[in-house]
């Protein structure tokens with residue numbers, strides 16, 4: 001297929017079918033960057049409210065750089081992959097300190113910033129600065145794999161190179177910003193993972209997947225790692241209306257977010273045995289006890305199965321004072337927390 005033909009076809013489709021999204025109203029690299037970071041592993045319908053809140057709270061990269069990490073994490077809460085939020089904040093600070101609050105104008109320079117890889121750098125460079133460098137994301141992989149019949153695994157080093165090289169050969173030199181957005185939108189709305197609109201497709205005559213009924217097999221991807229189950233038992237200590245909480249510091253999920261006194265087990269455990277174990281090493285004096293139902297929280301490659309044990313009037317709590325603190329209800333509302341913790345607090349009217 002002629003490169004120019006591909007670009008013209010997909011851009012024409014885009015101009016008639018694109019969604020009206022706020023970051024498309026501007027060539028501001030800050031808004032483009034923010035939208036791409038939020039949407040990397042989030043659907044538009046879920047990410048849009050976060051984007052609007054971030055823009056309202058931090059209208060510029062300088063405003064974002066001046067915020068505290070805790071404030072950024074709190075606003076990010078619910079999106080998951082909190083490393084993205086930390087890199088977002090770190091990158092904003094770098095742009096302000098090293099570039100006087102102005103985003104670099106080239107793909108190569110953008111990639112030097114923390115948290116900005118090939119995908120995000122290409123999006124900013126092409127949309128904000130019209131540099132002809134292709135964006136390659138899951139939507140692009142799918143579109144190119146099906147139309148050109150590429151069976152190489154998209155999550156292999158070889159596959160990434162093949163798709164990136166092809167995408168850069170196809171990109172419009174005159175309007176790279178329209179081309180990149182068009183291919184991504186085409187994958188998101190038309191050439192979807194399941195039930196693509198093949199019979200109404202502008203590429204039906206050329207598409208190898210359509211001709212050979214390969215829509216369900218392309219693109220090819222190596223199998224994901226098996227899901228790991230983790231059993232969390234949270235102890236909720238109260239002092240008046242305040243709750244004992246800590247900030248997670250270990251290099252694990254939810255780093256920097258706040259949760260409760262936690263015992264993790266490799267398999268489901270009986271609560272009474274856990275209490276005996278707790279009494280033996282923490283010297284707890286429990287007067288009143290309430291045990292929650294099971295909470296299930298699904299992450300990538302992990303499933304958290306949690307129970308919350310509410311402890312009333314505990315006379316003795318063995319806790320590192322530098323690690324744990326009692327927080328009031330109003331303060332807890334401001335803390336960045338995992339969605340699992342927020343669900344529990346709301347269910348038990350503790351927030």
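The requirement of being touching a residue at least 12 places away in the same chain (Cβ under 8 Å) and assigned to a helix (DSSP H, G or I) is not satisfied by residue 224. The requirement of being surrounded by fewer than 21 Cβ atoms within 10 Å (Cβ to Cβ) and in the same structural domain as residue 166 (by TED's automatic domain parsing) is not satisfied by residue 136. Would you confirm whether any residue within the stretch 212-228 is in contact with a strand residue (DSSP E or B) (Cβ under 8 Å, 6 or more places away or on another chain), over 30 Å from residue 133 (Cα atoms) and surrounded by fewer than 20 Cβ atoms within 10 Å (Cβ to Cβ)? Yes, because at least one residue in the stretch 212-228 is in contact with a strand residue (DSSP E or B) (Cβ under 8 Å, 6 or more places away or on another chain), over 30 Å from residue 133 (Cα atoms) and surrounded by fewer than 20 Cβ atoms within 10 Å (Cβ to Cβ). Each residue in the stretch 160-195 was checked for being within 16 Å of residue 148 (Cβ to Cβ) and free of Cβ contacts under 8 Å to residues at least 40 places away in the same chain, and 8 of them qualify. Here is a check on your reading of the model: is residue 277 surrounded by fewer than 16 Cβ atoms within 10 Å (Cβ to Cβ), modelled with pLDDT under 85 and in contact with a strand residue (DSSP E or B) (Cβ under 6 Å, 6 or more places away or on another chain)? No. When 144, 88, 75 are checked against the criterion of being farther than 27 Å from residue 247 by Cα and at pLDDT 95 or above, 144 stands alone in meeting it. Scanning the stretch 175-204 for residues that are assigned to a loop (DSSP other than H, G, I, E, B) and in contact with a helix residue (DSSP H, G or I) (Cβ under 9 Å, 6 or more places away or on another chain) yields 175, 190, 191, 192, 193, 196, 197, 201, 202, 203, 204. Picking from residues in the stretch 231-256 that are outside any loop (DSSP other than H, G, I, E, B), more than 25 Å from the chain's Cα centre (by Cα) and surrounded by fewer than 18 Cβ atoms within 10 Å (Cβ to Cβ), the one that is modelled with the highest pLDDT is 242.
Of (1) part of a helix (DSSP H, G or I); (2) under 18 Å from the mean Cα position of the chain (by Cα); (3) closer than 23 Å to residue 216 by Cβ, residue 136 satisfies all except one. Which? So residue 136 meets the others, but not (1).
Scanning the stretch 139-158 for residues that are part of a helix (DSSP H, G or I), surrounded by fewer than 22 Cβ atoms within 10 Å (Cβ to Cβ) and under 23 Å from the mean Cα position of the chain (by Cα) yields a total of 2.
The residues of the stretch 56-73 that are buried (at least 19 other Cβ atoms within 10 Å of the Cβ) and closer than 12 Å to residue 256 by Cβ, listed by number, are 72, 73.
The values are calculated or read from the model by the stated rules, or taken from the named source; none is laboratory data. Quick caveat: nothing in here was measured; it's all calculated off a predicted structure. A quick note on method: Cβ atoms are made from the backbone with ideal geometry, for glycine too, and the neighbour counts reach across all protein chains shown.
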